[in-house]
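Accompanying notes for the structure given below.
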Amino acid sequence: MPERRTVALVTLGCARNEVDSEELAGRLEADGWELVEEAGDADVAVVNTCGFVDAAKKDSVDALLEANDLKGHGRTQAVVAVGCMAERYGKELAEALPEADGVLGFDDYADISDRLQTILNGGIHAAHTPRDRRKLLPISPAERQESAASVALPGHAPADLPEGVAPASGPRAPLRRRLDGAPVASVKLASGCDRRCSFCAIPSFRGSFISRRPSDVLNETRWLAEQGVKEIMLVSENNTSYGKDLGDIRLLESLLPELAEVDGIERVRVSYLQPAEMRPGLIDVLTSTPKVAPYFDLSFQHSAPDVLRAMRRFGDTDRFLELLDTIRSKAPEAGVRSNFIVGFPGESEADLAELERFLNGARLDAIGVFGYSDEEGTEAATYDNKLDQDVVAERLARISRLAEELVSQRAEERVGQTVRVLVESVDTEDGTYGRAAHQAPETDGQVLLTSGEGLRIGRMVEAKVVGTEGVDLVAEPLPGVFVGGHAGGLPGSEEAGR
């Protein structure tokens, strides 16, 4: 009998990283590793790091150090870093953090089992020298798919695998193993990004944009439905570009209805949309397709034209407000969230006032606000007209206060509406919580249901909003109204209003 080998995956960062961790889990389980939840119960703790901003990097380092502290006090023998931070820094991270027994890049994912076994046996796998992953694929999107097989693309494992590798549920199962039993799961639509925002380093270590084939996305969604998933969230660095390398920039518009028809799936959500790439046809599909949430995660970042141009982005306050008006003319209760950077190099008081004008008119459901800081390797880091950190901090506090007020006001506007809530937790002491169509996991608030009687996790229920707690809603389930296997919707509800 082979020796028992155990591994735990600790995931930091975004939903894309969560998908990557589940792919790694699938690869490891297929090669005989036993997956455990707690790092202290594992022979090897694998930390899937985030390399986006300084705070995320610090969290990643802290997680690695915390896992390292387990060595010598339990089962844990090795700690290994994977993910964006490991890919971005490679040897530099390995030298700066000797507590990590291995630093593995994306190119190591296909051989993750062998890499971990080597490290567990006391061997050394040399950390890679980082490279610009945008150069691994052709410049022309139309030529990328043929080259994709030779490039490591985390989260793009094929859906049709040889017998003995795919999970027992069938040949369409992806090389993925769920790490929790939540009724919502992310599905990777694409990887990489072709945009060149001056503040962002992601394309350099995630690479150029490349789409997954629709058949793989559909097969993975079917498999997730078999695992009990009720809502899928499509993730990538830029979902509005999906299909451009497959010869059809409107591929998302045709894929969404197919995903919504998968048996067992009650809601499909699309994240990471670029305002400058929004198309009338995509807006129509997002606002009119049964089971597709009228939800718009729009990456505005700012609204002052001069700041946006310095960011290498497009648009302005009036154009953004016009886009939101178009969306709400088709789906009045559509959910909209966005992130913003304040204190960008050269940002004036007039620019900040323009951002405030946009926020006051936009009626956003969720707002993330970040103070600018240099990211090494980005164009903005070379700009001369930097603001003092005290000024950045003051502007961050100012816009954050405004954002908190505005999202609370937006939540209050929903009082009296009927919403469809996906139940995610049922607890006799803490209460029953879920999310409505305008609320994505982790980022957008939640719904507290006034009664959990007859409810279970994964149930979709109609409820009337009776109050708010900041950005969160309080809602009363409607007697006997459960939704399952169909679009649902009551008169005056989010769904009927499309």
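The values are calculated or read from the model by the stated rules, or taken from the named source; none is laboratory data. Note that the structure is predicted; figures quoted are calculated from it, not measured. Glycine also receives a Cβ, built like all others from the backbone with ideal geometry; neighbour counts cover every protein chain displayed. Just the protein is used for accessible areas: all its heavy atoms, side chains included, with ligands, DNA and RNA removed. Shrake-Rupley method; radii C 1.70, N 1.55, O 1.52, S 1.80 Å.
Summary table below
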quantity	calculated
Disulfide-incompatible cysteines by the Cβ rule (no partner under 4.7 Å) in the chain	Cys14, Cys50, Cys84, Cys193
Mean-position separation - Cα centroids, the stretch 304-341 and the stretch 62-124, in angstrom	41 Å
Sequence-separation-based contact order of the chain, relative, with Cα cut under 8 Å and 6+ spacing, percent	10 percent
Identified option (computed percent of Cα pairs over 38 Å apart; candidates [x] 37; [y] 24; [z] 27)	[z]
Segment Glu38-Arg309, length gained on full extension (0.36 nm per residue, minus Cα span)	93.0 nm
Unit charges on C-beta of K, R, D, E only; dipole of the chain, Debye	1200 debye
Mean separation of Cα contacts under 8 Å, 6 or more apart, over the residue count of the stretch 361-407: relative contact order %	63 percent
Mean Cβ count within 10 Å, highest first, over the residues of peptides 214-223, 379-388	214-223, 379-388
Packing-based ranking, highest mean first, of 3-9, 147-153 given that Cβ atoms within 10 Å are counted	3-9, 147-153
Percent accessible area from carbon and sulfur atoms, the chain, protein chains only, probe 1.4 Å	49 percent
Accessible area per residue in Å² at 1.4 Å probe, computed on the chain	41 Å²
Gain upon complete extension [Glu476, Asn385; 0.36 nm per residue less C-alpha separation]	27.6 nm
The stretch 289-406: equivalent-ellipsoid semi-axes (sqrt of 5 x gyration tensor eigenvalues, Cα, Å)	27, 15, 13
Which listed pairs, of Lys188/Lys330; Lys135/Lys244; Lys57/Lys188; Lys135/Lys330, have C-alpha distances above 30 Å, in listed order	Lys135/Lys330
Kirkwood estimate for the stretch 204-327, i.e. one over the average of 1/r between Cα atoms, Å	15.6 Å
Loop-located trypsin sites (Lys or Arg not before Pro) in the stretch 296-327, at most 15 other Cβ atoms within 10 Å (DSSP)	Arg312
Cβ crowding within 10 Å averaged over residues, with 366-372, 189-195 ranked highest first	189-195, 366-372
Within the chain, percent of DSSP bridges classed antiparallel, to nearest 5	35 percent
Separation in nanometres of the label points that stand 7 Å from Cα toward Cβ, at Ser215 and Asp318	4.9 nm
